[in-house]
Amino acid sequence: MALRQDNKKFHTLLNNEWVGSKSGETVEIYSPDDHVVTGEVPALSQEEVDKAITQTADVQANWEATEGHERSELLHRWAEELEKMTDEIGEMIHREVGKTLSSAKGEVKRTAQLIRHTAEEGLRTHGSFIQGDAFPGASKSTKAMVQKVPHGVVLAISPFNYPVNLAASKIAPALITGNTVVFKPATQGAVSGLLMVEALVKAGLPEGVLNVVTGRGSVIGDFVVTHPKVDMITFTGGTATGQHIAKKASMIPVVLELGGKDPAIVLDDADLDKTAKEIVGGALSYSGQRCTAIKRVMVVDSVADELIAKVKEQVEALKVGPSSEGANVTPMIDQKSADYVVSLIDDAKNKGATVVTEGSQEKNLLGPTILDNVTEDMEVAWEEQFGPVLPFMRISNELEAIDLERRNAYGLQASIFTKNLENAFAIADKLNVGTVQVNGKTSRGPDHFPFLGVKSSGQGVQGIGRSIDSMLRDKVIVLNL
Ligand code: NAP
Ligand code: G3H
């Protein structure tokens, strides 16, 4: 069988065969743009998921035994095949998750680059050699060879907002290090994920080295996460889901990249033109549906009016509409998410926030809303909106910003805008987040930089080199001469 059953129905990959579920059950995926069914993927049963994981576990030792350069060559071929499919996959990302076509194709190109870099970096992993004599009572005749070995079967679970990139950023480091993979794509984005896997099959993926389990996370999620043949989990998604997975999974490594409430801290000596531009791009690209979106601005009162006026002008110039029209602010992934954003705006308005500009609402398409004078009692000051609303909190000085940020449940990233770099570094030292950006918006790339969240934003570190490290464990062989 082929990946495509017909125009809308897609199969999933089990042991290099494209198959449906035995029951014939599927999950329908609706485009956020026009609510038309874009695709259907198999809703696998637990029995089918079990088979997929078992097949992957059965071939892991053989895959680990292949030469590192062969695995690297497979990844290079995957990147090539992926690039050839840029238009097709880009079109599907655009339809499935409502990204503009250019940004969807950009995601595919970025992913091919990420895979190539992983293929190179993976060749440079190595263990170490330790002499025993550094410890009292031991001598040079005791020597440890510390090897790096794969965990075994890696379960990769990806979110909707980068259905290709955030899947490949788990799959590529797992494969290069000799792990086999069970890939659970987000339902919204599953077809894009399957097309990305088709490129891997074209590149020569050996049977069973990667299987794809499709179906709703709420139905099969716990089963995959607790499966005894899964040796490691790498997850990107919401904090509630990540925390649930962390509790369910026992005695295996779990890497989590979760939600964020990234602040932009703006001091009175900031370049306000640059700052406004970074804030608007950082907060509203893909309608704010990025973990790293700027989700609140803490601005020193003396420059707040001027900054907000600049941001307002730029925001009001943004085009709001369907992603098919290449708009800047496009429909949110679903109605529930849009309703949540509206509830945060309503709560802030009821508690006295000033509406600087208010976006219109048409189903799940929300125009951007800017709120000023947001205070600590408002939900939007703390909750992750994951949508096009930008709260401004006025502060008297940086100490207030540090205090607010340290009480943030999340700890993904923060931006500081100031011309005083010494001060920026002093503030950066005090923020409990994974990354601090100085004079730039919060964002993940370049993809070889370490990327992590602390507190409710995650555990473990990603980014190409660190993701590779996370897929390996030490194995020590001690030689006693
Ligand atoms: P989500 O609802 O948590 O879903 C993420 C993935 O988990 C999907 O594949 C989902 O499958 C699956 N899932 C759901 N329940 C599960 C369970 N019980 N066991 C195992 N898997 C389960 O997140 P999302 O809506 O796709 O993404 C939005 C959130 O992700 C935001 O909070 C955002 O900040 C965060 N995010 C963080 C990063 C980062 O790097 N820090 C990056 C991107 C997104 P189904 O789709 O089938 O439900
Ligand atoms: O949504 C979370 C992504 O990791 C953000 O990536 O900063 O490149 O948009 P990005």
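Some notes on this structure:
- Conditions (1) within 27 Å of Ile333 (Cα to Cα); (2) surrounded by fewer than 23 Cβ atoms within 10 Å (Cβ to Cβ); (3) acidic (Asp, Glu): number failed by Asp429: (1)
- Hits in the range 286-313 (condition: surrounded by fewer than 16 Cβ atoms within 10 Å (Cβ to Cβ) and not hydrophobic (A, V, I, L, M, F, W, C)): Asp301, Ser302, Asp305, Glu306, Glu313
- Within the option set Ser102, Ser128, Ser139, Ser169, being crowded, with 24+ Cβ neighbours inside 10 Å and either in contact with a helix residue (DSSP H, G or I) (Cβ under 7 Å, 6 or more places away or on another chain) or touching a residue at least 12 places away in the same chain (Cβ under 8 Å) (or both) holds for one residue only, Ser169.
- Residues in the range 58-67 that are in a helix (DSSP H, G or I) and either surrounded by fewer than 16 Cβ atoms within 10 Å (Cβ to Cβ) or in contact with a Pro (Cβ under 6 Å, 6 or more places away or on another chain) (or both): Asp58, Ala61, Asn62, Glu64, Ala65.
- Within the range 124-174, considering residues that are more than 27 Å from Asp231 (Cα to Cα) and part of a loop (DSSP other than H, G, I, E, B), the one nearest to ligand 2 (Cβ to nearest atom): Phe135
- Single residue of Gly193, Gly189, Gly221, Gly217 found to be crowded, with 24+ Cβ neighbours inside 10 Å and either of a type in the set (D, E, K, R) or within 25 Å of Ser456 (Cβ to Cβ) (or both): Gly189
- If the condition is being polar (S, T, N, Q) and assigned to a loop (DSSP other than H, G, I, E, B), then the range 21-57 contributes Ser21, Ser23, Ser31, Ser45.
- Some residue of the range 267-282 being assigned to a loop (DSSP other than H, G, I, E, B), buried (at least 19 other Cβ atoms within 10 Å of the Cβ) and not polar (S, T, N, Q): yes
- Which numbered condition Ser470 misses (of (1) polar (S, T, N, Q); (2) in contact with a Pro (Cβ under 8 Å, 6 or more places away or on another chain); (3) under 30 Å from Val329 (Cα atoms)): (3)
- Residue match in the range 100-117 (condition: under 24 Å from Ser443 (Cα atoms), part of a helix (DSSP H, G or I), acidic (Asp, Glu) and away from ligand 1 (no atom under 15 Å from the Cβ)): no
- Filtering the range 435-474 to residues that are under 28 Å from Arg116 (Cβ atoms), away from ligand 1 (no atom under 14 Å from the Cβ), touching a strand residue (DSSP E or B) at 6+ places or on another chain (Cβ under 8 Å) and in contact (Cβ under 8 Å) with a residue 60 or more places away in the chain leaves Gly440, Lys441, Met471, Leu472, Arg473, Asp474.
- Residue in the range 332-388 that is surrounded by the most Cβ atoms within 10 Å (Cβ to Cβ), counting only those that are closer than 16 Å to Gly259 by Cβ and among the charged types (D, E, K, R): Glu384
- Selection from the range 331-347 of residues that are among the aliphatic types (A, V, I, L, M) and within 21 Å of the chain's Cα centre (by Cα): Met332, Ile333, Ala338, Val341
- Candidate set from the range 436-477 (those that are in contact with a Phe, Trp or Tyr (Cβ under 7 Å, 6 or more places away or on another chain) and in a strand (DSSP E or B)); member that is surrounded by the fewest Cβ atoms within 10 Å (Cβ to Cβ): Lys455
- Within the range 283-311, tally of residues that are within 14 Å of ligand 2 (Cβ to nearest atom), touching a helix residue (DSSP H, G or I) at 6+ places or on another chain (Cβ under 9 Å) and not in a helix (DSSP H, G or I): 6
- Qualifying residue in the range 315-322 (condition: more than 16 Å from ligand 2 (Cβ to nearest atom), part of a helix (DSSP H, G or I) and either over 19 Å from Ala270 (Cα atoms) or in contact with a helix residue (DSSP H, G or I) (Cβ under 7 Å, 6 or more places away or on another chain) (or both)): yes
- Residues being without any contact (Cβ under 8 Å) to a residue 40 or more places away in the chain and either closer than 27 Å to Val297 by Cα or surrounded by 24 or more Cβ atoms within 10 Å (Cβ to Cβ) (or both) - total across the range 237-266: 2
Taken together, the values in this text are just the output of simple stated rules run on the coordinates, not laboratory data. For clarity, every value in this text was computed on a predicted model and none was experimentally measured. Every residue, glycine among them, receives a Cβ derived from its backbone with ideal geometry; neighbour counts consider all protein chains shown.
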